[in-house]
Amino acid sequence: MATASVLESKSSPVSHDRSIVFVVDDDVSVRESLDLLIRSAGWEPETFACAQEFIARPRAFAPSCLVLDVELPDVNGLELQKRIAADRHDMPIIFITGYGDVPTSVQAMKAGAVEFLSKPFGDEVLLCAIRHALTCSQAALGHELEVQALRKCHESLTPREQEVMALVVSGLLNKQIGGKLEISEITVKAHRGQVMRKMKAGSLADLVNMAAKLGIPAPKN
């Protein structure tokens, strides 16, 4: 399978500075082979012999993906996929197996795997899957960081400013907001200005997009 030959011919769209490729496979020869292949491609490999070893590893806040064997001695690959789905959503999974079948591959893909490869597979096939997975991971991390920054800005708003923001993005005019909150239109405008400044929104459309990313619900009538 993995011979470290192919590699420098195609460049990855992902920065390799801290990109990590995790490998969970109980076959030591597979782990060693993939370690060499991944390292030669410019990424940082981390290999594990079983699912529990990987679960014990803290989440990596860097572009990453997981090359995961379906059949493992402790927790199988599909069960591991379920366990880490919530807290490692930015880490795409590439399944590899020597005993693949259609139902298993369908189950893995429905649960969010980006690829399902049957052994033996070519080096470049796996490398292409890893490139794609790391691109997805980088995008997911970027979105997460953006939401964290927005949440911090939103938390800087006063309770009244948060109320005004929710009403503004729901489409109400200043006069309507004033009537709903029983404050003057001038006061609404002042709060609205503070909201735009603190949220660093350049326009109403920006503010609406920010609210959507934060999952701010529409106010109840």
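Derivation of every value follows stated rules applied to the coordinates shown; laboratory data play no part. All of these numbers come straight from a predicted model, not from anything done at the bench. With ideal geometry, Cβ positions are generated from the backbone for all residues, glycine too; neighbour counts draw on all protein chains shown.
Taking every DSSP bridge with both residues inside segment 14-145, close to 0 percent are antiparallel.
Where in the chain lies the longest segment free of chymotrypsin sites (Phe, Trp or Tyr not before Pro) that are both loop residues by DSSP (not H, G, I, E, B) and have at most 12 other Cβ atoms within 10 Å? The answer is 100-221.
Cβ crowding within 10 Å, taken as a proxy for footprinting-reagent exposure, orders Ile186, Ile93 from fewest neighbours to most as Ile186, Ile93. Cα axis of helix 204-214 to longest principal axis of the chain: angle in degrees, 0 to 90, nearest 10? Tilt relative to the chain: about 50 degrees. Exposure proxy shown here: for His154, His191, the number of other Cβ atoms within 10 Å sets the order, fewest to most, as His154, His191. In a reduced charge model with +1 at each Lys and Arg Cβ and -1 at each Asp and Glu Cβ, segment 14-145 shows a dipole moment near 380 debye about its Cα centre. Could you tell me what % of all Cα pairs in segment 156-214 have separations over 15 Å? Of all Cα-Cα pairs in segment 156-214, 40 percent lie more than 15 Å apart. Loop-resident trypsin sites (Lys or Arg not before Pro) (DSSP state other than H, G, I, E or B) in segment 28-110 with no more than 12 further Cβ atoms inside 10 Å of their Cβ: Arg59. Cross-link pairs exceeding 31 Å between alpha carbons, from the set Lys110/Lys152; Lys82/Lys200; Lys189/Lys213: Lys110/Lys152; Lys82/Lys200.
On full extension, the segment bounded by Gln162 and Asn76 gains 26.4 nm, given 0.36 nm per residue less the C-alpha separation. The computed semi-axes √(5λ) of the Cα gyration tensor in Å for the structure shown corresponds, within (i) 35, 21, 16; (ii) 48, 18, 14; (iii) 44, 19, 13, to (ii). If a spin label sat at a point 7 angstrom from the Cα of Leu214 along the line to its beta carbon, the backbone N atoms of segment 165-201 nearer than 16 Å would be those of 165-172, 191-201. In this simple spin-label model, placing a label point 7 Å from the Cα along the Cα-to-Cβ direction at both Val125 and Lys110 gives a separation of 2.4 nm. Rounded to 0.05, the FRET efficiency of the Lys175 and Lys200 pair, given R0 = 25 Å and the Cβ-Cβ distance, is 0.45. Per-residue Cβ neighbour counts within 10 Å put Cys65, Cys153 in the sequence Cys153, Cys65, beginning with the fewest.
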